[in-house]
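> Starting off with a structure, shown below.
The values are calculated or read from the model by the stated rules, or taken from the named source; none is laboratory data. Everything numeric here is computed off the predicted structure, so don't read it as measured data. Positions of Cβ are generated from backbone atoms using ideal geometry, with glycine treated the same way; all protein chains shown enter the neighbour counts.
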Amino acid sequence: MTTPARALAFATCLTLALGATAAHAAAAAPAEPADLSLEELLKADVQTASRKSQHLQDVAAAVFVITREDIERSGATSIPEVLRMAPGVQVARLANNRWAVSARGFNGRFANKLLVLMDGRSIYSPLFSGVVWETEDTLLEDIDRIEVIRGPGASLWGANAVNGVINIITRKARDTRGTLAVASIGSEDRGMFALRHGMAVGDGNLRVWGKALARDTSVDLQGQAGNDYWREGRAGFRGDWNLDASRRLSLSGATYSSRTGDKYLLPSLTSPDGIAPTDMVQRASGGHLLARHEWLWADGSEAALQGYVDHSDLEVVSAVHDQRTTVDLDFQHRPHLGGTHDVVWGLGYRESRDHITSGSLLSITPDHRNWYLASAFLQDEITLAPETWRLVLGTRLERNSYTGFEPQPNLRMIWTPTPQQTVWGALSRAVRTPSRAELAAEIDLQVTPASPPFPAVLTRNVPDPNHPLGNEVVKAFELGYRQQLNTQLSFDVALFHNRYSMLRGGALGAQTFEFTPVPHAVQAISPNNGVTARTQGIELALDWHVRPAWRIQPAYSWMHIDARPTSADPVEASAATEYNNSAPRQQFSLRSSTTLADRSQVDLWLRHVGALPSSAGSSGVAAYTTLDLRYAWRLRPGLELSVVGQNLLDSQHPEFVPDLLPSQSLQVQRGVVAKAKWQF
């Protein structure tokens with residue numbers, strides 16, 4: 001048996017043994033359940049999959065819901081760490097302040113095939129395509145649930161919902177009355193303090209909150225201190241009001257300011273090895289204001305109008321500075337037609353204006369650009385046989401100022417032979433639009449040092465304005481099955497096969513010669529849509545309430561990526577190799593949650609992640625197994641203390657190889673966090 005396999009087997013046995021011991025102790029006296037019952041979980045409302053409230057058992061998609069209790073008992077201190085619970089989602093920590101998060105492959109610093117929303121507000125960056133996770137945070141205690149939809153969601157949510165949609169849904173203000181103070185201290189998460197107060201205002205409720213955090217630096221592959229510190233302050237509010245018996249209004253907003261560190265391995269023509277390690281500083285600030293008005297008419301029809309304004313200021317000092325304002329309006333209507341049709345339709349418009357100041361890293365022209373997106377969608381859920389067969393037909397029509405018009409259709413079928421069983425299948429088409437940087441950024445990628453009589457060669461990314469990047473396209477085929485076997489046990493399985501075309505690649509361009517700072521050749525590379533790929537995989541999740549106070553949740557994912565260039569160009573071949581190595585072949589997770597007789601909690605979280613193979617310029621990442629332990633106890637009503645041990649099976653390990661930006665490779669370290677939570 002290999003070392004990773006032995007470690008996984010040992011950790012699994014340890015997890016089950018500790019969980020069983022804790023459960024035996026809990027059985028000695030009555031205790032509160034560890035979490036919601038299976039019936040409650042399967043009847044919980046899910047909104048993101050169909051833009052309407054549905055029970056989980058009735059959804060024709062691969063859905064995983066992370067509840068508020070799951071978040072609390074995980075011991076996680078950031079949203080990306082929480083997302084590790086979902087099967088089919090790849091989460092890798094690049095540093096103490098950066099993550100790579102994707103679904104069903106193609107992971108990276110700015111994974112561009114996963115659309116992430118917070119209360120319906122897109123946090124997908126138009127600059128890089130992806131989520132800048134260190135600028136997207138909130139008070140974890142305010143999150144009601146996170147709905148994770150694997151597979152295309154473009155027919156409802158639009159472009160970039162290629163491999164999945166994640167919607168982070170915060171709690172209503174009425175559920176957060178009173179005052180909450182949270183403080184933590186740890187070896188890596190050096191300190192966090194948050195304060196929230198909720199109150200009644202008029203015919204509704206309002207909460208205000210603030211949060212500050214500081215994270216320490218990790219270590220590089222040689223064990224030396226990195227430059228990945230994180231300092232952040234954030235404040236926000238949410239208010240919910242019933243205007244009358246049929247109308248509701250929600251207002252929310254937040255503002256933030258953060259400072260993070262990094263070390264770039266910048267290409268250098270004057271360095272003997274062609275690399276100049278350089279400490280970098282990233283400053284980010286911004287805020288948003290969101291309003292949502294909902295109607296419920298007497299005939300059962302529903303409508304909602306949502307709008308938000310978001311402003312962000314992101315600067316990598318001396319490298320690039322992006323100032324951006326986005327305005328978004330979204331309307332949807334669900335008429336009460338009766339009979340066999342359940343229709344949802346809507347219209348949307350988004351406009352984003354930027355001002356980019358180029359620096360030493362990126363040169364983007366023009367420095368001002370306005371981008372717009374206009375869309376309309378329609379989805380009809382048709383009942384073919386009551387309580388048994390339903391057909392879902394839908395499409396979204398979009399037009400944007402980068403790539404023009406794109407239809408994104410969707411067909412789903414769901415069969416529920418019994419109230420406890422669901423079989424579903426789906427055919428979908430979705431697109432990923434290119435980012436501002438992909439279309440216009442010139443960037444020096446690397447230097448091949450001089451080898452007399454040959455000069456040094458500087459490789460530079462130079463977009464070709466005559467052949468701009470187009471949309472990436474996926475055609476997805478999915479099949480799923482979920483069943484509640486009894487009142488204690490349920491499982492969910494999803495299979496997928498995706499075919500991608502026009503993935504971003506590159507082609508060798510012209511070679512020129514420059515004399516400063518030293519004589520060297522410049523090899524241009526132009527991005528193109530020259531890579532195709534196929535992926536297939538399976539995702540399994542099981543929920544077992546072993547006893548009323550003991551819950552076990554295993555999850556397993558396997559997938560394979562086969563990306564290929566469409567020409568003999570070496571740049572395309574290199575891009576295809578990077579795609580093939582962008583996600584582990586398999587992942588395994590096992591969570592155990594136990595509530596003891598004294599209402600204290602014991603939680604264990606075991607994870608195994610497969611290896612990332614090596615490729616040109618990358619040594620890859622070995623498979624690793626981690627174990628987190630959490631113990632929490634209530635000193636008195638409203639006051640809880642907890643301690644979490646993180647990554648306990650080794651002192652440190654890498655989880656990903658940085659891509660796109662030339663960041664230094666760092667390792668995740670073993671850590672401990674102590675936390676106090678006081679509700680009054």
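> Out of the range 298-347, which residues are under 18 Å from Asn370 (Cβ atoms) and β-branched (Val, Ile, Thr)?
Once the filter is applied, which keeps residues that are under 18 Å from Asn370 (Cβ atoms) and β-branched (Val, Ile, Thr), the range 298-347 yields Val309, Thr325, Thr326, Val327.
> Taking the range 356-412 only, how many residues are touching a Gly at 6+ places or on another chain (Cβ under 8 Å) and among the aromatic types (Phe, Trp, Tyr)?
Residues that pass the stated criteria total 1.
> What's the number of the condition Tyr579 fails, among (1) touching a Ser or Thr at 6+ places or on another chain (Cβ under 9 Å); (2) part of a helix (DSSP H, G or I); (3) of a type in the set (Phe, Trp, Tyr)?
Exception for Tyr579: condition (1).
> Do any strands (runs of 3 or more DSSP E) entirely within the range 617-680 hold 1 or more residues that are in contact with a Lys or Arg (Cβ under 8 Å, 6 or more places away or on another chain), and if so, which?
In the range 617-680, 624-636, 639-646, 666-669 are the strands (runs of 3 or more DSSP E) which contain 1 or more residues that are in contact with a Lys or Arg (Cβ under 8 Å, 6 or more places away or on another chain).
> Scanning the range 471-487 for residues that are in contact with a Ser or Thr (Cβ under 9 Å, 6 or more places away or on another chain) and not in a strand (DSSP E or B), which turns out farthest from Gly404 (Cα to Cα)?
The residue in question is Thr487.
> Oh, and also: Identify the residue in the range 204-243 that is touching an Asp or Glu at 6+ places or on another chain (Cβ under 9 Å) and of a type in the set (Asp, Glu) and, among all such residues, is farthest from Trp133 (Cα to Cα).
Of everything passing the filter in the range 204-243, Asp216 is farthest from Trp133 (Cα to Cα).
> Moving to a separate point now. Say we look at the range 199-249 and pick out the residues that are in a loop (DSSP other than H, G, I, E, B) and touching a Phe, Trp or Tyr at 6+ places or on another chain (Cβ under 8 Å); which of these is nearest to His333 (Cα to Cα)?
Ser246
> Can you find even one residue in the range 207-230 that is aromatic (Phe, Trp, Tyr), closer than 21 Å to Glu141 by Cα and surrounded by 20 or more Cβ atoms within 10 Å (Cβ to Cβ)?
Scanning the range 207-230, I find at least one residue that is aromatic (Phe, Trp, Tyr), closer than 21 Å to Glu141 by Cα and surrounded by 20 or more Cβ atoms within 10 Å (Cβ to Cβ), so the answer is yes.
> Can we say Ser593 is in a loop (DSSP other than H, G, I, E, B), buried (at least 20 other Cβ atoms within 10 Å of the Cβ) and under 26 Å from the mean Cα position of the chain (by Cα)?
no
> Restricted to the range 71-100, and to residues that are without any contact (Cβ under 8 Å) to a residue 60 or more places away in the chain and in contact with a helix residue (DSSP H, G or I) (Cβ under 7 Å, 6 or more places away or on another chain), which residue is farthest from Arg390 (Cα to Cα)?
Per the stated criteria, the residue is Trp99.
> Answer with yes or no whether Ala385 is aliphatic (A, V, I, L, M) and at pLDDT below 95.
Here the answer is no, as Ala385 does not meet what is asked.
> With (1) surrounded by fewer than 24 Cβ atoms within 10 Å (Cβ to Cβ); (2) at pLDDT 95 or above as the list, and Ser129 as the residue in question, which single condition is left unmet?
Exception for Ser129: condition (2).
> Looking at Asp144 and the list (1) modelled with pLDDT of 95 or more; (2) surrounded by 21 or more Cβ atoms within 10 Å (Cβ to Cβ); (3) over 20 Å from Ala476 (Cβ atoms); (4) of a type outside the set (Ser, Thr, Tyr), which single condition is not satisfied?
Evaluating Asp144 over (1) modelled with pLDDT of 95 or more; (2) surrounded by 21 or more Cβ atoms within 10 Å (Cβ to Cβ); (3) over 20 Å from Ala476 (Cβ atoms); (4) of a type outside the set (Ser, Thr, Tyr) leaves (2) as the failure.
> If you check Arg390 against the conditions, is it farther than 20 Å from Gly120 by Cβ, among the charged types (D, E, K, R) and within 28 Å of the chain's Cα centre (by Cα)?
No: the conditions fail for Arg390.
> Still on this structure: Would you pick out the residues in the range 137-178 that are part of a loop (DSSP other than H, G, I, E, B) and among the β-branched types (Val, Ile, Thr)?
Thr138, Val162, listed by residue number.
> Something else: Please determine whether any residue of the range 277-286 is buried (at least 19 other Cβ atoms within 10 Å of the Cβ), under 21 Å from the mean Cα position of the chain (by Cα) and closer than 23 Å to Asp119 by Cα.
Within the range 277-286, one or more residues are buried (at least 19 other Cβ atoms within 10 Å of the Cβ), under 21 Å from the mean Cα position of the chain (by Cα) and closer than 23 Å to Asp119 by Cα.
> Output the residue which, of all residues in the range 297-314 that are more than 22 Å from the chain's Cα centre (by Cα) and surrounded by 15 or more Cβ atoms within 10 Å (Cβ to Cβ), is nearest to Arg259 (Cα to Cα).
Out of the qualifying residues, it is Gly307.
> With the structure loaded, tell me whether Phe491 is hydrophobic (A, V, I, L, M, F, W, C), farther than 30 Å from Asn400 by Cβ and surrounded by fewer than 20 Cβ atoms within 10 Å (Cβ to Cβ) or whether it fails that test.
Here the answer is yes, as Phe491 does meet what is asked.
> Between a residue in the range 196-222 that is more than 22 Å from Val182 (Cβ to Cβ) and any residue that is of a type in the set (Phe, Trp, Tyr), which pairs come within a Cβ distance under 9 Å, given they are 6 or more apart or on different chains?
These pairs meet every condition: Val201/Trp241; Gly202/Trp241; Asp203/Trp241; Gly204/Trp241; Thr217/Tyr229.
> Could you please let me know if Asp262 is in contact (Cβ under 8 Å) with a residue 60 or more places away in the chain, outside any strand (DSSP E or B), crowded, with 16+ Cβ neighbours inside 10 Å and under 23 Å from the mean Cα position of the chain (by Cα)?
no
> I've got another one for you. Quick one: is Val344 in contact (Cβ under 8 Å) with a residue 40 or more places away in the chain, farther than 22 Å from Ser125 by Cα and buried (at least 16 other Cβ atoms within 10 Å of the Cβ)?
Spelling it out, Val344 is indeed in contact (Cβ under 8 Å) with a residue 40 or more places away in the chain, farther than 22 Å from Ser125 by Cα and buried (at least 16 other Cβ atoms within 10 Å of the Cβ).
> So which residues in the range 494-538 are under 23 Å from the mean Cα position of the chain (by Cα), buried (at least 19 other Cβ atoms within 10 Å of the Cβ) and among the polar types (S, T, N, Q), if there are any at all?
Of everything in the range 494-538, those that are under 23 Å from the mean Cα position of the chain (by Cα), buried (at least 19 other Cβ atoms within 10 Å of the Cβ) and among the polar types (S, T, N, Q) turn out to be Asn498, Thr535.
> Just checking, does the range 507-529 include any residue being within 20 Å of Ala154 (Cβ to Cβ), in contact with a strand residue (DSSP E or B) (Cβ under 7 Å, 6 or more places away or on another chain) and of a type in the set (A, V, I, L, M, F, W, C)?
no
> Which one of Tyr579, Tyr556 is buried (at least 22 other Cβ atoms within 10 Å of the Cβ), under 23 Å from the mean Cα position of the chain (by Cα) and on the phi < 0 side of the Ramachandran plot?
Criteria check complete, one pass: Tyr579.
> Listed residues Leu337, Leu329; which is surrounded by fewer than 18 Cβ atoms within 10 Å (Cβ to Cβ) and assigned to a loop (DSSP other than H, G, I, E, B)?
Leu337
> I want to confirm something. Restricting to the range 226-259 and keeping residues that are among the aliphatic types (A, V, I, L, M) and at pLDDT 95 or above, which single residue is farthest from the chain's Cα centre (by Cα)?
Per the stated criteria, the residue is Leu249.
> Let me ask something else about it. Is there any pair linking a residue in the range 270-298 that is closer than 19 Å to Ser122 by Cβ to one that is part of a loop (DSSP other than H, G, I, E, B), with Cβ under 7 Å and at least six apart or on different chains, and which?
From residues that are closer than 19 Å to Ser122 by Cβ, the pairs are Leu290/Asp119.
> Restricting attention to the range 351-368, and to residues there that are part of a strand (DSSP E or B) and touching a residue at least 60 places away in the same chain (Cβ under 8 Å), which single residue is surrounded by the fewest Cβ atoms within 10 Å (Cβ to Cβ)?
The qualifying residue surrounded by the fewest Cβ atoms within 10 Å (Cβ to Cβ) is Ser363.
> Hey, another quick one. So which residues in the range 630-680 are under 15 Å from Ser600 (Cβ atoms), among the β-branched types (Val, Ile, Thr) and without any contact (Cβ under 8 Å) to a residue 60 or more places away in the chain, if there are any at all?
Val643
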